[in-house]
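What follows is one structure encoded as structure tokens, with my remarks underneath.
Since every read-out is calculated from the coordinates, none of them should be taken as a lab result. Treat the numbers as computed from the prediction; the structure is a model and nothing was measured. FYI the Cβ positions are ideal-geometry reconstructions off the backbone, even for glycines, and counts take in every protein chain you see.
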Amino acid sequence: MEPSFILALFQHGYKVRTSTLYHLLKGKRTSSVLLYGFLYENLRFFQLFPLLSDKQFHTIIKELGKQDLLNLTSDGEAQITSKGIQVAVYDVHHFSWINNYRFGKTDETIWRLLQFTVQVVSNLSYTNKHYVPLEQSPLYQKQVKMYIKSMPKAQLIETVKKEWTLLFSHLTNDEANFFAQQFSGYQQIGKTSFQLMKDDDNTFERQLYKKEKLHHLLDTICLMPDGSFLKKLVLPLVKQNENKSMSETSSYMKTQLPIEALAQKRRVKISTIKDHLMELALTKDFPFERFISKETEQFLFEYPKPYQEWTYRSVKQNSPELDYFEFRLYQIQKIREERESRQ
């Protein structure tokens with residue numbers, strides 16, 4: 001664990017609860033934790049440290065406070081100091097492709113599957129059956145066999161070659177070389193990712209740089225046409241990162257059912273449906289206008305920014321009838337619009 005990286009997660013400048021950041025890094029999937037990650041642009045680091053202990057995390061927070069890098073409050077909130085901003089080593093924006101929320105649960109599994117597929121197709125192209133497979137597990141063997149049988153041998157070889165060539169054209173030379181040198185194939189043994197990184201980088205930095213490159217690759221694969229061989233190969237594993245129940249709610253949304261009917265149809269609580277909808281609103285195309293009333297929109301339009309500093313309790317004092325669900329959706333919508341306008 002790098003204290004300097006934890007400090008970097010406060011570079012947004014807002015006063016925030018440290019316990020919620022801890023739950024985000026551990027991977028606690030609640031609406032409040034995910035919303036926190038979204039509000040302060042740390043959602044992509046979701047579950048980055050699944051083994052992090054509460055004691056370890058708060059020891060780091062206290063030490064950052066003692067060094068006057070964070071201002072700590074008695075009620076568990078923290079805000080980066082001017083000194084903290086000056087000494088922050090990591091710029092989290094340099095890791096713009098890392099998206100542990102979307103890929104983190106299965107990224108290593110997907111990469112191993114991709115490497116295994118390349119090895120199998122490479123040896124297949126030379127009609128070589130005498131090699132030691134990278135993977136012995138049925139998890140990989142079964143999937144690769146299934147996709148290999150999905151098309152004639154010559155077409156498969158040509159398709160895989162063309163798709164990897166196209167993929168590499170969308171990556172930087174550094175990224176393309178990083179992945180290509182890890183491939184094993186006919187009369188070739190790939191290197192490990194650590195062998196391809198700088199010797200002076202520590203283990204944590206290597207982990208970040210590997211995720212940065214790998215998540216860019218996975219994002220690029222997900223943007224390929226739906227019929228693409230590699231996209232069909234990895235998409236089921238990408239979807240495993242999603243909340244399964246939330247995904248079911250997402251599919252029911254196409255029916256245009258009201259929330260109450262949606263909850264009844266899915267046999268879950270209305271509050272559960274609302275949590276699912278809020279999570280969908282964080283990253284997916286979302287019909288905000290369907291769930292935010294004109295009254296709520298008009299009231300919040302006049303409320304002073306920044307949106308990240310809005311709290312339901314304080315805003316509700318000026319409008320006792322304000323609905324929490326609508327309030328959060330409006331907040332999410334406006335922050336998304338701001339960020340999209342900066343791109």
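Starting from 0.36 nm per residue, how many nanometres of slack lie between Phe204 and Asp174 once their C-alpha separation is accounted for?
8.8 nm
On a full-extension model of 0.36 nm per residue, what is the gain between Asp285 and Glu338, subtracting their alpha-carbon distance, rounded to one decimal in nm?
Full-extension gain reported as 17.6 nm.
Could you give the dipole magnitude of region 90-170 about its Cα centre, charging the beta-carbon of Lys and Arg +1 and that of Asp and Glu -1, in debye to the nearest 20?
420 debye
What number comes out for the charge environment of Arg29, summing +1 per Lys or Arg and -1 per Asp or Glu over other residues with Cβ under 12 Å away?
Charge balance in the 12 Å sphere: +1.
In a Gaussian network model over the chain where Cα atoms closer than 10 Å are linked, find which of Thr165, Thr109, Thr220 has the largest mean-square fluctuation.
Thr165
For the pairs Lys232/Lys274; Lys254/Lys305; Lys149/Lys231; Lys26/Lys284; Lys284/Lys305; Lys28/Lys274, note any where the Cα-Cα span goes beyond 21 Å.
Violating the 21 Å Cα-Cα cut-off are Lys232/Lys274; Lys254/Lys305; Lys26/Lys284; Lys284/Lys305.
Can you list which of the trypsin sites (Lys or Arg not before Pro) found in region 63-168 are DSSP loop residues with at most 10 other C-beta atoms within 10 Å?
Answer by residue number: Lys129, Lys149.
By how many degrees, 0 to 90 and rounded to 10, does the Cα axis of helix 54-66 deviate from the longest principal axis of the chain?
Roughly 60 degrees between the two axes.
Sorted from fewest to most neighbouring beta carbons within 10 Å, what does the list Tyr22, Tyr186 look like?
Fewest to most other Cβ atoms nearby, the residues stand as Tyr186, Tyr22.
Just checking my list (i) 30.2; (ii) 21.1; (iii) 23.2 against mean projected area of the Cα convex hull in nm² computed from this structure; which label fits?
Matching entry in (i) 30.2; (ii) 21.1; (iii) 23.2: (ii).
In a shell of Cβ-Cβ distance under 14 Å around Tyr140, excluding Tyr140 itself, what net charge do Lys and Arg (+1) and Asp and Glu (-1) give?
+1
What full-extension length gain, to one decimal in nm, is calculated for Glu77 and Gln195 as 0.36 nm per residue of separation minus the Cα-Cα distance?
38.4 nm is the gain from fully extending Glu77 to Gln195.
Helix 203-222 versus the longest principal axis of the chain: what is the Cα-based angle in degrees, 0 to 90, to the nearest 10?
80 degrees
Per DSSP H run of n ≥ 4, the term is -39500 (n - 2.57); total these for the chain, divide by its residue number, and report the mean residue ellipticity at 222 nm rounded to 500 deg cm²/dmol.
The helix contribution divided over the chain gives -17500 deg cm²/dmol.
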